[in-house]
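Written below as structure tokens is the structure these notes are about.
The values are calculated or read from the model by the stated rules, or taken from the named source; none is laboratory data. Since the model is a prediction, treat every value here as computed from it, not as a measurement. Every residue, glycine among them, receives a Cβ derived from its backbone with ideal geometry; neighbour counts consider all protein chains shown. Note: areas computed on protein heavy atoms with side chains; ligands, DNA, RNA excluded. Shrake-Rupley method; radii C 1.70, N 1.55, O 1.52, S 1.80 Å.
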Amino acid sequence: MAITLALAKGRILEEAVPLLERAGIRPAEDPESSRKLILGTNREGLRLILVRAADVPTYVQYGAADLGVAGLDLLAEHGGEGLYQPLDLGIARCRLCVAVSEGFDYGAAVKQGARLRVATKYIGTAREHFAAKGVHVDLIHLYGSMELAPLVGLADAIVDLVDTGNTLRANKLRVVEEIMPVSSRLIVNPASLKLKRSEVAPLIALLGAARRG
Ligand code: ATP
Ligand code: PRP
């Protein structure tokens, strides 16, 4: 039976292609430059589909892809419903953090019980994080460049990914809380695992052996 693996262009693909290569899997053409959304591979019966990073869990949840590679940040936001998550692939590592302008006294604002405006694309995760801490927030949904929001008065704080910290430093922001460490996970449709076990299980084992860390 044919097996479909969902990947996202950009960072995930950059790090997933070498991992696939270590597992002996090569796309039929360069996925980064190809305009095709479905690519064959050298492994018989395995094809790749290329979707937006935030859409990977949805494709796998509905069985349009049997497997996928998704960042824990986006999985947490999706909720993980209907997804089996057998492997931490250890790629695209970063941290989901709360950050503020260098001059903003976050500790004092929280202590005073101030209502904070927080810009993020991780609305669900941010809501849970601040609710658990008892911090009152108004969440503002952005789709990118979150680091700009505190600089132009749109928000007091942001919830965003931090890796090297270069983006925060370049914009005079600093981390005040870490919400979770992030890496990419292999996600699997549970029905695919049951019905296509003889194809899916060896693939999981192969990717498990090829991961680093
Ligand atoms: P799109 O390009 O579709 O808007 P995106 O910006 O979320 O999506 P990427 O920036 O490629 O796409 O991020 C995909 C995933 O890679 C994220 O969900 C996260 O898990 C991880 N990631 C993002 N930024 C970094 C980073 N700076 N360092 C390490 N991993 C990261
Ligand atoms: C991600 C993230 C941060 C940045 C953090 O953006 O949204 O802005 O990386 O990485 P750093 O700590 O190493 O600077 P990305 O570069 O993927 O751009 P994007 O806005 O297209 O997601």
Of the residues in the stretch 101-114, those that are under 30 Å from the mean Cα position of the chain (by Cα) and either hydroxyl-bearing (S, T, Y) or surrounded by 11 or more Cβ atoms within 10 Å (Cβ to Cβ) (or both) number 7
From the list A6, A76, exactly one residue is under 17 Å from R93 (Cα atoms), touching a residue at least 12 places away in the same chain (Cβ under 8 Å) and more than 9 Å from ligand 1 (Cβ to nearest atom). Which is it?
A76
Out of V60, V51, sole residue that is within 22 Å of L206 (Cα to Cα), open to solvent by less than 40 Å² (accessible area, probe 1.4 Å), touching a residue at least 40 places away in the same chain (Cβ under 8 Å) and within 16 Å of ligand 1 (Cβ to nearest atom):
V60
Listed by first then second residue, the pairs whose first member lies in the stretch 132-147 and is more than 11 Å from I158 (Cβ to Cβ), whose partner is away from ligand 1 (no atom under 16 Å from the Cβ) and not in a strand (DSSP E or B), with beta carbons under 6 Å and at least 6 positions apart or on separate chains, are V135/V110; H136/R115; V137/F130
Give the residue that is farthest from G107 (Cα to Cα), with candidates limited to residues of the stretch 126-176 that are open to solvent by 30 Å² or more (accessible area, probe 1.4 Å) and acidic (D, E).
D163
Have a look at A132, A119, A109 and point out the one that is at pLDDT 95 or above and within 16 Å of ligand 1 (Cβ to nearest atom).
A119
Return the residue satisfying two criteria in turn: it lies in the stretch 1-26 and is open to solvent by 30 Å² or more (accessible area, probe 1.4 Å) and outside any loop (DSSP other than H, G, I, E, B), and of such residues it is nearest to ligand 2 (Cβ to nearest atom).
R11
In the stretch 160-202, what count of residues is obtained for those that are more than 16 Å from ligand 2 (Cβ to nearest atom) and in contact with a strand residue (DSSP E or B) (Cβ under 8 Å, 6 or more places away or on another chain)?
11
Scan of the stretch 176-194 for residues that are more than 30 Å from A99 (Cα to Cα) and touching a residue at least 60 places away in the same chain (Cβ under 8 Å), ordered by number
V188, N189, P190, A191, S192, L193
